[in-house]
Number of protein chains: 2
Amino acid sequence: MAEHTVIGKRPPRIDALDKATGAALFSADIVLPNMLHGKVLRSPLPHGRITRLDTSKAQALPGVMAVITSADVPAFQNDDEILMPMVPTLAKKRVVFAGQPVAAVAAKSREVAAEAIGLIEVEYEVLPFVIDVLEAMKPDAPLVYPSLQSGSGPGKKGASGNLFFSAENARGDAEAGFREADVVLENTFRTQTVHQGFMEPRAAVADVGRDGKITVWTDNQGIFKVRELVAKFLNLPLNRIKVMPVEVGGSFGGKEHQQLSPLCALLALKAGRPVKMVMTREEVLKATRPAPASVVTLKTGVTRDGRITAMEATMIYDYGTSVGMPGLEAIFFGSITAFSLYRIPNFVIRCRDVLTNKAPSGPYRAPSAAQAAFAMESQMDLLARALAMDPLEFRLKNGVVEGDPMVNEWSFGKIGFKETLERVKGYLAEHAPPEGKNRGRGVAAGLWLTGCMGSAAHISVNADGSIVLVIGSTDMSGTRTAFAQMVAEEFELPLSGVTVATGDTETAPFSIITAGSMTTRSMGKAVYRACRDVKEQMCRRGAAKLGVERDEVEYAAGRVRLKKKPNESVPIPDLVKEDYMSPFAGPITGTGAGEMMAEGTPVFAVQVTDVEVDGETGKVTVLSSVVGQDAGVAVNPTLVEGQMQGAVAQGIGWALFEEYLFHDGVMENATFHDYRMPTAADVPPIETLLVEVDSGAEPYGIRGVGEPPIVPGPAAMANAVMSATGVRLKELPMTPEAILNALKSK
Amino acid sequence: MAEHTVIGKRPPRIDALDKATGAALFSADIVLPNMLHGKVLRSPLPHGRITRLDTSKAQALPGVMAVITSADVPAFQNDDEILMPMVPTLAKKRVVFAGQPVAAVAAKSREVAAEAIGLIEVEYEVLPFVIDVLEAMKPDAPLVYPSLQSGSGPGKKGASGNLFFSAENARGDAEAGFREADVVLENTFRTQTVHQGFMEPRAAVADVGRDGKITVWTDNQGIFKVRELVAKFLNLPLNRIKVMPVEVGGSFGGKEHQQLSPLCALLALKAGRPVKMVMTREEVLKATRPAPASVVTLKTGVTRDGRITAMEATMIYDYGTSVGMPGLEAIFFGSITAFSLYRIPNFVIRCRDVLTNKAPSGPYRAPSAAQAAFAMESQMDLLARALAMDPLEFRLKNGVVEGDPMVNEWSFGKIGFKETLERVKGYLAEHAPPEGKNRGRGVAAGLWLTGCMGSAAHISVNADGSIVLVIGSTDMSGTRTAFAQMVAEEFELPLSGVTVATGDTETAPFSIITAGSMTTRSMGKAVYRACRDVKEQMCRRGAAKLGVERDEVEYAAGRVRLKKKPNESVPIPDLVKEDYMSPFAGPITGTGAGEMMAEGTPVFAVQVTDVEVDGETGKVTVLSSVVGQDAGVAVNPTLVEGQMQGAVAQGIGWALFEEYLFHDGVMENATFHDYRMPTAADVPPIETLLVEVDSGAEPYGIRGVGEPPIVPGPAAMANAVMSATGVRLKELPMTPEAILNALKSK
């Protein structure tokens, strides 16, 4: 790896002080003169026909400035009641999940808005509903979208009933592979609907200028995506919407879509005044887009010496009322990533996306991968046990290396799976499993394909040679700090010489959403190229000033110097501006933009977790975790480690606590009291092992790092519980009740 | 001239609606949480030594959060009491003009701040002062800056006493020229101190972030200049200051310097809270930087047939307490521009900058030119009368053409002086002078060198092909609209497809101050180049998409097309982003930057004014005005005409009303009631004649247009009064009293 001076170091996050002191501005902090407060009326039913909707009493309430229903939505509304992708759908004739918006109001106070919501009269004809994904697949199940039967819906390959997407992917001869096997295991694994659990509830503020331009502040994963979605919802050109940058308090895929900002903008347009909307936690849980529940059946054959010969997988994912891209994309990547870690010569993989009367599902950190990996890595543990092999050795034996194919048509480039397994193995050699009753250790691995799409950056040079980077990408994990490091690296400046300015959708050039673990790479490429552009301009100007050819000079630490006589140089400030009264060459400003890479960059994570299970209560205590990750070159190791630690914590939530519970089709645990997420008391010390295998990618050989470490977590936990107790839980979450039941059955 | 589709048209200003409805944000509109209010304690004396300065009682007043004196200014303070250039100087030992800041406070309310100012105890030893510029030149005059005697001050060429700058410029043999002349006239002309009279009082808001970064909103002519000045004042790196864009309510050179923002930032730093400061009109008039008073003596020789043979000029300008660049620059350009309109083979020009105990002088629209032009163009009128020549014909006979030298070492390029004179002549042929008693017509010409310095622009392409231009330059005369027209012209889009975003000092690339009539050209060049950059990228990408070479395609109206088969094309949105799941080439973003041109671009204005003088009261009524201007290619003729009309109105103020009146060294008419500016009732219908002689300059052959039309105004008025009454006023303003006195003396 190349030698770096700032890349790879651990400066504190440049937003740390503002975040820690409360000075950072989140969208709910925005206060505008004459601002109204908006509120949404939501469906109380999982499925129903609207027979009457009367807003007249709400309209008449003093202080109410606007009421909107589906009749006010200018575009994008469809009559077949299929929810719009990535934006809210105000119900027209039918509600399809409990929590779906039906109407919204803007009023002079939160209290009046709440009162107005109560005055909107809606009558429903109750319709039969389905919540369980396997129930939904039965022939007599209530249909979530009857019109999809006619083949009019999207993603209709092999679909019928509530099965709206069905695909199969095969290689070799699975039957022959199973015949070749010495051991064949078949198991079914289930996970429940879980939420991204971001701390900041969804919020939006919208203002309308005299020229009709709408300015929006909202929690987001990309201001340009917000612009696109609000423009589509309102059927307006892109340049009629301006989205301001704000800090975002957690997202994990849950803020790619917009639930409030389109409604907020529509209310502001109708009221002619700014409007703020903030979701309650109940609304966040009931009406935003959680990760799909899943049922995955795996049949796997291995030879006695530990070689996988065949696999048959059926993945059934519960997409609630979502038929948009996120579902297709997620299960697609879920299947690729859960099953591509090992050489499997023969396989059949069946993907099934199913509709239920639940909130539309959406992406959650490595979408769909953790569900499938829970199945695959539990199965791997069962296979290793059946063969009496060490689980790490079993994975080392079958693990992919450069050149191996994935389960789709792609193959692996430079990867560090075996290196990561070896690194974890080395660590474990010095850290023995926990001793004592009901204690055990679980191992699991995970793969995610991290993305790289097109973003752009501007760089300007201040008169004193300090540098300003202008970007429009949302910082969710310290990416601004990583970019500041890149600029400091390129210009050989201290970090104090670099300003990272986050612009709005007008002052910043386009950037793709902060998602897919790609921001440091997607925008990093643009930043790197912009640095090169600016340095080239500096060198050309410096060469002219020194009276030599361009090739004779180079940039070095705030100067352009002769390559052969480094002492002869010109400082950058002399190139940017000269004496006031004499001609000067003008400011230096540059740009960089990156293109999309179709194939994701593979990143592997290996997690080992030690647990203790209370035999009396069924409570699982996580004693410690170690997670190794094939992280590429780490721009800021502290930030990468933070991603890994956070992912382990979320994996504990999936494994032990989190699930949507329904009563009569309505989520019944929609509070943080009842929807249990891990707290500091549940999270053990987490050791992080960075395995820096250069990805070969521009810039610096970095890889995406945010999503991969969540993938192995739930399986590692289940494998540890097995190790501690001898019971195999094939269903998440492993609540105390579930564990006690399993212990009893043993 | 090239054919344009948007350049040269008259779309309304893109900021018109916001300005007209009050939605536009000016700096005094900014309100921040916990904001304090600042106020300045100012010297009541024109000259005094501070013997005691005690702020303890003010400090102790409840609600006072910060008090600053010169002891708090971290840098830039000097012991010799010479005012700092372009920033305020908190007096240390000595005050040198009435209105000079001595201390400032920030308090929880305006009322407490005012009370605290009253509690600051200052004792002065009264020192002798001098206000009149000729008195100041006498050997026994009180010295404004005694230390300049020692040669330590700036601009010390030939200086002595209060004469701090002295320069001479000669060509040919003036004595011989006078001997050759048939008529030699010598006259002395005087003008008084006048103010730019911007409507928006100076204001500033400063906020300090947790990281110590200071954010400033203030009325300005350039946010990057504000950043530079505040940083210098506080001795901080540039990137510790961020200046936000705000609308500016008039400036005319009067807001290049910063009087409040440095103090406001210092108060905010000391108080740890945001601070707002707004000047009263009295403070604006007493303590900002008005245009210098002048005494110009001209001796001019002409032959009987109207050929100028020689000139001797002595220009004495009253720079108050200013010794900074603006003074030197202004009188320098004043002499070049006032005397370069005509071929003068032999001349001596003496420039004298003199100090008095008045507020420091500063630039005002074509700085120093109107004063000298008042002298020169009055003299031209007297010479024409002496020769019984038509004043336009006299100017046509002597007027410069391309290739003629200026009075310095430069010579004229492509100019339109004679074309403008001819155009006005043609207009007058159809508009006879006013008939009747005490009515008359005056003619005068003016020249100004309009600038072009380095600015930069960013352009991004939205996914729908609409364009965003990001600039940081302050819009004082509709420049944003001009830039929008340029972008629309280049991309062949309607104006609705163009967004002009004004960034702050971080999100926008550098731009030079909006001054010197140069913004449309300086930034226009950057905008034009950024458009070309982006179009080139579009063409490269389009060529690749169409599978041809770059040279085979061209941009046309939102598409890249084959030059030879224009029907084969690809729309821009297809080049900016393609399908979500397939590779796309990434966003398109580009930059442009311009370099400084050392030589100004000459622009000529010719004004003809008809007046009626009331013989009983001395009141002058302006009946009509026509102003012709060599305007280059007018990007938006309506905006150019607006500049010309505004300049004529200001010229009426100079000519008839405006002057600083002093009592005991203190300005005694520091209100808009007593400092009389022209109102709508004083301004006649103004005919504007645009003479579009292509400047040959990039882009589009435009010229600067803002300053030139004020130059001939005062002289045209004096010449009209002469025409109406037969009396020659050689001193401005021509108040009723002055005219009555002159009529009496006749």
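How much space per residue, in cubic angstrom, does the convex hull of the C-alpha atoms of segment A:64-143 take up?
In segment A:64-143, the Cα hull volume divided by residue count equals 128 Å³.
Determine the percent antiparallel among the DSSP beta bridges restricted to chain B, to the nearest 5.
The antiparallel fraction comes to roughly 80 percent.
Taking the Cα atoms of segment B:603-726, what is the range of coordinates along each of the three principal axes, in descending order and whole Å?
51, 34, 22
Under a point-charge model restricted to the Cβ atoms of Lys and Arg (+1) and Asp and Glu (-1), what is the dipole moment magnitude of chain A relative to its Cα centre, in debye to the nearest 20?
The dipole magnitude comes to about 900 debye.
Can you give me the C-alpha center-to-center distance between segment A:664-708 and segment A:120-146, rounded to a whole angstrom?
Taking the Cα centre of segment A:120-146 as reference, the centre of segment A:664-708 is 33 Å away.
With a 10 Å radius around each residue's Cβ, average the other Cβ atoms per peptide and rank A:269-280, B:35-46, B:348-359, highest first.
Ranking the peptides A:269-280, B:35-46, B:348-359 by packing returns B:348-359, B:35-46, A:269-280.
Summarise the accessible area of chain B (1.4 Å probe, protein heavy atoms) by the percent that is carbon and sulfur.
52 percent
Hey, any idea what Rg/Rh is for segment A:300-384, computing Rh the Kirkwood way over Cα pairs?
A ratio of 1.04.
Whole number please: convex hull volume per residue of the Cα set in segment B:121-243, in Å³?
259 Å³
Whole-Hz Karplus ³J(HN,Hα) for segment B:438-445, in order, using 6.51 cos²θ - 1.76 cosθ + 1.60 and θ = phi - 60°, x for Gly and Pro?
Running phi through 6.51 cos²θ - 1.76 cosθ + 1.60 with θ = phi - 60° gives 6, 10, x, 10, x, 10, 8, 10 Hz.
Where does segment A:230-280 land on Rg(C-alpha)/(2.2 N^0.38 Å)?
Cα-based Rg divided by the globular estimate yields 1.22.
Which percent, nearest 5, of DSSP beta bridges in segment A:454-594 are antiparallel?
Within segment A:454-594, antiparallel bridges account for around 75 percent of the total.
So, in nm, how far is label A:GLU180 from label A:GLU168 when the simple model puts each one 7 Å beyond its Cα toward the Cβ?
It works out to 2.1 nm between the two label points.
For the pair A:THR5 and B:GLU698, what calculated FRET efficiency results from E = 1/(1 + (r/R0)^6), where r is the Cβ-Cβ distance and R0 = 51 Å, to the nearest 0.05?
About 0.80, to the nearest 0.05.
Here are some pairs, B:LYS299/B:LYS744; B:LYS19/B:LYS563; A:LYS213/B:LYS242; A:LYS276/A:LYS358; A:LYS108/B:LYS19; B:LYS425/B:LYS619; which of them have Cα atoms lying more than 32 Å apart in this structure?
From the list (B:LYS299/B:LYS744; B:LYS19/B:LYS563; A:LYS213/B:LYS242; A:LYS276/A:LYS358; A:LYS108/B:LYS19; B:LYS425/B:LYS619), the Cα-Cα distance tops 32 Å for B:LYS19/B:LYS563.
Place the peptides B:221-231, B:422-432, B:174-184, B:529-539 in order of packing, highest mean first, counting for every residue the other Cβ atoms within 10 Å and averaging per peptide.
Averaged packing, sorted descending, gives the order B:221-231, B:529-539, B:174-184, B:422-432.
Per residue of A:469-481, count partner chain C-beta atoms within 10 Å of its C-beta, then hand back the mean as an integer.
Mean number of neighbouring Cβ atoms from other chains: 1.
Just from its helices, what would the mean residue ellipticity at 222 nm be for chain A, if runs of 4 or more DSSP H residues each count -39500 (n - 2.57) and the sum is divided by every residue, rounded to the nearest 500 deg cm²/dmol?
Value at 222 nm, helices only, nearest 500: -8000 deg cm²/dmol.
Return the average number of partner chain Cβ atoms within 10 angstrom of each residue Cβ along peptide A:526-533.
1
Which of B:ALA203, A:ALA605, B:GLY254 sits farthest toward the positive end of the charge dipole of the protein assembly as shown, with +1 on the Cβ of Lys and Arg and -1 on the Cβ of Asp and Glu?
Sorting the options by dipole projection puts first B:ALA203.
Taking the Cα centre of the protein assembly as shown as the origin, how large is its charge dipole in debye, to the nearest 20, when only Lys and Arg (+1) and Asp and Glu (-1) carry charge on their Cβ atoms?
340 debye
What number, in percent, do you get for the relative contact order of chain B if the mean sequence gap of Cα pairs under 8 Å and at least 6 apart is divided by its residue count?
Relative contact order for chain B comes out at 15 percent.
Taking R0 as 35 Å, what's the FRET efficiency between B:ARG304 and B:LYS744 from their Cβ-Cβ distance, rounded to 0.05?
0.55
Just round it to a whole percent: the fraction of Cα-Cα distances in segment A:454-594 exceeding 26 Å.
26 percent
If you take the beta carbon distance between B:GLU568 and A:PHE412 as r and set R0 to 51 Å, what does 1/(1 + (r/R0)^6) give as a FRET efficiency, to the nearest 0.05?
With R0 = 51 Å, the Cβ-Cβ based efficiency is 0.80.
Taking the alpha-carbon set of the protein assembly as shown, what are its Rg and Dmax in Å?
38.0, 128
How high is the relative contact order of segment A:281-388, in percent, counting Cα pairs under 8 Å that sit 6 or more residues apart?
36 percent
Work out the mean other chain Cβ neighbour count within 10 Å for the residues of A:454-461 and drop it here as an integer.
Mean shielding count: 6.
Which distance in Å, rounded to a whole number, links the C-alpha centroids of segment B:330-380 and segment A:198-215?
Using only Cα atoms, the two centres lie 54 Å from each other.
Restricting things to alpha carbons, tell me how big chain B is in terms of Rg and Dmax, in Å.
27.3, 90
7 Å from Cα along Cα→Cβ at both A:ASP18 and B:ASN187: what's the point-to-point distance in nm?
Reported label-point gap for A:ASP18 and B:ASN187 is 6.2 nm.
Suppose we keep just the DSSP beta bridges with both residues in the protein assembly as shown; what percent of those would be antiparallel, to 5?
Restricted to the protein assembly as shown, the bridges split so that about 80 percent are antiparallel.
How big is the dipole moment of segment B:454-594 about its Cα centre under a simple scheme where the beta carbon of each Lys and Arg is +1, that of each Asp and Glu is -1, and everything else is neutral? Debye, nearest 20, please.
About 340 debye.
How do B:111-119, A:464-472, A:501-509 rank on mean C-beta neighbours within 10 Å, highest first?
A:501-509, A:464-472, B:111-119
Along the charge dipole of the protein assembly as shown, Cβ charges K/R +1 and D/E -1, which of A:VAL87, B:VAL727, A:ALA66 sits furthest on the positive end?
A:ALA66
For the protein assembly as shown, with the dipole built from +1 on Lys and Arg beta-carbon atoms and -1 on Asp and Glu ones, taken about the Cα centre, which of B:PHE417, B:PHE233, B:GLY516 lies farthest toward the positive end?
Of the listed residues, the answer is B:PHE233.
A plus B alone minus the pair: what accessible area, both sides summed, probe 1.4 Å, in Å² to 100?
Heavy-atom accessible area buried at this interface is about 4400 Å².
The values are calculated or read from the model by the stated rules, or taken from the named source; none is laboratory data. Given the structure is predicted, the values throughout are model-derived calculations rather than measurements. Neighbour counts run over all protein chains shown; Cβ positions are idealised from the backbone, glycine included. Just so you know, the surface numbers come from the protein's heavy atoms only, side chains and all, with ligands and any DNA or RNA stripped out. Shrake-Rupley method; radii C 1.70, N 1.55, O 1.52, S 1.80 Å.
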